[in-house]
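Student: Below you will find the structure I want to go over with you.
The values are calculated or read from the model by the stated rules, or taken from the named source; none is laboratory data. Remember, it's a predicted structure, so these values are computed and weren't measured experimentally. Neighbour counts are summed over all protein chains in view; Cβ atoms, including those assigned to glycine, are modelled from backbone coordinates with ideal geometry. Heads up: the accessible areas ignore ligands, DNA and RNA and are worked out on the full protein's heavy atoms, side chains in. Shrake-Rupley method; radii C 1.70, N 1.55, O 1.52, S 1.80 Å.
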Amino acid sequence: EDSRRYTGMVEDCCCDYETVDSINEEVLHPILQELVATPFFRYFKVKLWCDCPFWPDDGMCRLRDCTVCECPENEFPEPFKKPYNGLSTDDMICQEGKPQATVDRTIDSKVFKGWIEIDNPWTYDDETDNAEMTYVNLQLNPERFTGYIGASARRIWDAIYKENCPKYPSEELCQEKKVLYKLISGLHSSISVHIAADYLLDESTNLWGHNLGLLYDRVLKYPDHVRNLYFTYLFVLRAVTKAADYLEQAEYNTENPQEDLKTQSLVKQLLYNPKLQATCPLPFDEAKLWQGENGPELKQQIQKQFRNISALMDCVGCEKCRLWGKLQVLGLGTALKILFSVEEQHPLYQPLQLQRNEVIALVNLLNRLSESVKFVREKGSSAEKFIAGH
Ligand code: FAD
């Protein structure tokens, strides 16, 4: 049963909580779960060994499980690859001892027709090919509890909140600053929900399961954290549907025609969903922002702040957290680019262009948020009962 505490419109959005829950559970969540498992969407290109521009790396990872397993050379789709560049099998390292999860240091080229290399003004990532880029099979590296806690983790969140998006004073009604804060807070809630949904309950027996106490303590106890999760979900969903023309026509070639047709079909189901169009056609209305007289400066300032947040991801001292942190911040940066960096009225109007990795990050981020919204809806009342009983 569901003790619905969240009613009415999601703040600053155009749909109500009940509609979001029902579209998510009936349509979007099932489509997204299938979509992120396709060969196109399950490989993410990432530089995991990063130089933190702010603090020397302290790698505070307690569990072995914190490390990431990347892809063996024969695993990721042919068109993603660069011609063999002379790496020996010594370069294939598997941190978790799974044969299917060795590291491949091979990197891709821009062989993907229709996908270009283009800068994202909202992110800090250097996407140019180099020997440190690897492919990660996201399906083998679920976002979950890793034991990354304490000063190192806290320092990152503190830096994000204090330096980059201070909680907006309630009397200051600058919507744009509120948006940045809410996006980060929503992402933070989603990360906490994934930790609670897949937690190491007993280290001696390696028992994993739900940690409802943690779900309550970090998310449910603070209604704002839940509201911001819904806000972020709708914001990213709006970005995906706004980019529908682009995403529909994009090239999803992995040289596996059957799988690629399935990917295309799922993308269309996501973009042109009749139930979504009927009940929540405009999940977020970006046209309302940047209208004030200092709109352009404000946008630049917020863009700079978001780029700093993106740079901070290189300082996350746990490999798997860094992987998902980088992916999700790139996903948010892609949503920001879609919603705010394509100005049709501008004299130098440039049509939207996305990189393959941006599309992969955007869809995987939407899937993570969709999982979190579902988990909070399903487990919310049992978590509250669990807390009441303790
Ligand atoms: P934290 O979650 O660290 O929160 C710190 C403070 O931020 C809280 O005290 C509160 O004041 C504020 N806060 C918390 N949530 C919100 C919110 N939703 N909105 C606004 N303010 C909030 N750990 C894992 O086990 N697995 C992971 O995959 C993982 N990924 C991470 C990715 C990143 C980018 C970072 C920075 C950390 C990640 N961590 C991960 C660590 C995890 O997020 C926590 O930092 C850690 O579990 C310690 O939790 P905590 O109780 O100290 O609170």
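Student: Taking the Cβ-Cβ separation of residue 353 and residue 287 as r and a Förster radius of 25 Å, what is the calculated FRET efficiency to the nearest 0.05? Display every interim value, and only then the final one.
Tutor: On the way: r = 21 Å, r/R0 = 0.85.
Step by step, r from the Cβ atoms, then E = 0.75.
Student: Another question, then. Can you list residues whose amide H is under 5 Å from residue 52's amide H, if they're 5+ apart or on another chain and H is modeled 1.01 Å from N?
Tutor: 57
Student: Can you give me the Cα centroid spacing of region 232-285 and region 308-344 in angstrom?
Tutor: Value for the Cα centre distance between the two parts: 20 Å.
Student: So how much slack lies between residue 206 and residue 277, counting 0.36 nm per residue of separation and subtracting their Cα-Cα distance, in nm? Walk me through the intermediate numbers first.
Tutor: Numbers: separation 71, 0.36 × 71 = 25.56 nm, distance 4.40 nm.
Value of the extension gain: 21.2 nm.
Student: Another question, if that's okay. Where a ≥ b ≥ c are the square roots of the eigenvalues of the C-alpha gyration tensor, would you call region 197-299 rounded, which needs a/c under 1.5, or, failing that, prolate if a/b is larger than b/c, or oblate?
Tutor: Values: a/c = 2.37, a/b = 1.18, b/c = 2.00.
Oblate, because a/c is 1.5 or more while a/b does not exceed b/c.
Student: Please go through the residue pairs 45/262; 262/299; 262/337; 45/162; 178/326 and name each one whose alpha carbons sit more than 32 Å apart in this structure.
Tutor: Numbers: 45/262 22 Å; 262/299 38 Å; 262/337 27 Å; 45/162 30 Å; 178/326 22 Å.
Where the Cα-Cα span goes over 32 Å, the pairs concerned are 262/299.
Student: A further question on this structure: Taking only protein heavy atoms and a 1.4 Å probe, what accessible area per residue, in Å², does region 182-234 have with all protein chains in place?
Tutor: Spelled out: the 1.4 Å probe surface of region 182-234, per residue, equals 36 Å².
Student: Which whole-Hz couplings ³J(HN,Hα) result when phi for each residue of region 182-189 is put into the Karplus expression 6.51 cos²θ - 1.76 cosθ + 1.60, θ = phi - 60°, listed in order with x for Gly and Pro?
Tutor: For region 182-189, the Karplus curve yields 5, 5, 5, 5, x, 5, 4, 4 Hz.
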